[in-house]
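The values are calculated or read from the model by the stated rules, or taken from the named source; none is laboratory data. Given the structure is predicted, the values throughout are model-derived calculations rather than measurements. All Cβ positions, even for glycine, are placed from backbone atoms using ideal geometry, and neighbour counts span all protein chains on display. Quick note on the areas: whole protein, heavy atoms, side chains included, nothing else; ligands and nucleic acids left out. Shrake-Rupley method; radii C 1.70, N 1.55, O 1.52, S 1.80 Å.
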Amino acid sequence: MLADKVIRRIGASIDSYKFGFCSTLAAVSVPPAAVERAAEIIGRFHEVTHSYLRSDDFNIWFTIIAPDNSRIDDILNQIRCSLSLEDSQVLNLPLKRMFKLDARFNLLS
């Protein structure tokens, strides 16, 4: 299925909260000309699990999983400073309540 591009990958999904980690959904608002540079800077942090581009004022969204909220704040501050962004150009949207969808597929039918 990988070769046929039916699936991209198979892997474990670990509940980081059960290991005591914190996470947040974050976003930055950068000019279109700065998107590549911003993506490169955001991607330097191993705590960033994934990022994606959106057509909106806040155009790069990403998830951070870190040992504590202090480290999340530090990462966001480093990103803000590296990109010369104002505080209002960086969103930090930590989890308040977990909503988890459970999708299961019967591959043998």
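Observations on the structure shown:
- Averaged over its residues, the range 56-109 has an accessible area of 76 Å² per residue, based on protein heavy atoms and a 1.4 Å probe.
- Apolar share of the accessible surface for the range 63-109: 52 percent from carbon plus sulfur atoms, 1.4 Å probe.
- Taking trypsin sites (Lys or Arg not before Pro) across the range 1-94, the ones in a DSSP loop with at most 15 further Cβ atoms lying within 10 angstrom of their Cβ are K5, R8, R9, R44, R54.
- Full extension of the chain between F58 and C81 gives 6.6 nm of extra length, using 0.36 nm per residue less the Cα-Cα distance.
- Given [x] 9.3; [y] 8.9; [z] 6.3, the label whose value is mean projected area of the Cα convex hull in nm² derived from this model: [x]
- In a reduced charge model with +1 at each Lys and Arg Cβ and -1 at each Asp and Glu Cβ, the chain shows a dipole moment near 480 debye about its Cα centre.
- In the range 39-109, the chymotrypsin sites (Phe, Trp or Tyr not before Pro) that fall in loop regions by DSSP, at most 12 other Cβ within 10 Å: F99, F105
- Between the amide H of C22 and those of A66, D68, distances stay under 5 Å, these residues lying 5 or more places away or on another chain, with hydrogens modeled in the peptide plane.
- Percent RCO, i.e. relative contact order, over the chain, from Cα pairs under 8 Å lying at least 6 residues apart: 31 percent
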